[in-house]
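Colleague: Pasting in a structure now, in structure tokens, and then I'll have a few things to ask.
Just so it is clear, none of the values below were taken in a lab; they were calculated from the coordinates. Everything quoted here is computed from the prediction, not taken from an experiment. All Cβ positions, glycine included, derive from the backbone under ideal geometry; neighbour counts span all protein chains shown.
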Amino acid sequence: MERTLGRPYPRARPPCTAEGWRRSWDVVMPNNSAYVARHDPTFVPERIVYLNIRPDAGGAVNGLLYVLEPDDLALFDEREWIYDRRDISRAVRGVV
């Protein structure tokens, strides 16, 4: 979070739940940052599977709530380029 923002995140990070979602291992991205073999410039492994969330009427996903300014979202859109950002505000429970 803070590395993407380029500054410390000063606000609280309250735990919350997003109802109607479930976790899934279904995003495969090229590996541009995991380790490189000592004498071989190839990244190992070539691709990495990431944890994602998917709609699921009976599901619920726990997490932390970060409050960002609109300009900050562009930084995360660049970092998370393989995802489609979705507004799940109505699904969030446990915070006011």
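Colleague: Check which residues have an amide H placed less than 5 Å from Ile53's amide H, if you skip close sequence neighbours.
Modeller: Ser24
Colleague: If amide H atoms are built 1.01 Å from N in the plane of the peptide, which residues on other chains or at least 5 residues away come under 5 Å of the amide H of Ile48?
Modeller: Met29, Asn31
Colleague: Per-residue HN-Hα couplings for the range 30-39, Karplus 6.51 cos²θ - 1.76 cosθ + 1.60 at θ = phi - 60°, whole Hz, x for Gly and Pro?
Modeller: x, 8, 10, 9, 5, 4, 10, 4, 3, 10
Colleague: Take Arg79 and Val49, extend 7 Å from each Cα along the Cα→Cβ direction, and tell me the distance between the two endpoints in nm.
Modeller: Once both label points are built, they end up 2.4 nm from each other.
Colleague: Here is a follow-up. Let me have the 222 nm mean residue ellipticity of the chain computed from DSSP H runs of 4+ only, each contributing -39500 (n - 2.57), with the sum over all residues rounded to the nearest 500.
Modeller: Details: 2 runs with 14 residues, N = 96.
Taken over the chain, the calculation gives -3500 deg cm²/dmol.
Colleague: In addition: Can you tell me the FRET efficiency between Val67 and Met29 if r is taken as the Cβ-Cβ distance and R0 is 25 Å, rounded to the nearest 0.05? Could you put the intermediate results ahead of the total?
Modeller: Details: r = 26 Å, r/R0 = 1.06.
In this case the efficiency is close to 0.40.
Colleague: Same structure, new question: Where in the range 16-96 are there chymotrypsin sites (Phe, Trp or Tyr not before Pro) that are in a DSSP coil and have at most 12 other Cβ atoms within 10 angstrom of their Cβ?
Modeller: Here the chymotrypsin sites (Phe, Trp or Tyr not before Pro) that fit, given the DSSP loop and packing criteria, are Tyr35, Trp81.
Colleague: Under a 5 Å amide H to amide H cut-off, with H placed in plane at 1.01 Å, what residues pair with Trp21 once short-range neighbours are removed?
Modeller: Amide H to amide H, under 5 Å and 5 or more residues apart or across chains, Trp21 pairs with Asp56, Gly59, Ala60, Val61.
Colleague: Using θ = phi - 60° and the Karplus relation 6.51 cos²θ - 1.76 cosθ + 1.60, list the HN-Hα couplings for the range 65-71 in order, rounded to whole Hz, with x at every Gly or Pro.
Modeller: Taking θ as phi minus 60°, the curve returns 9, 10, 9, 10, 7, x, 5 Hz for the range 65-71.
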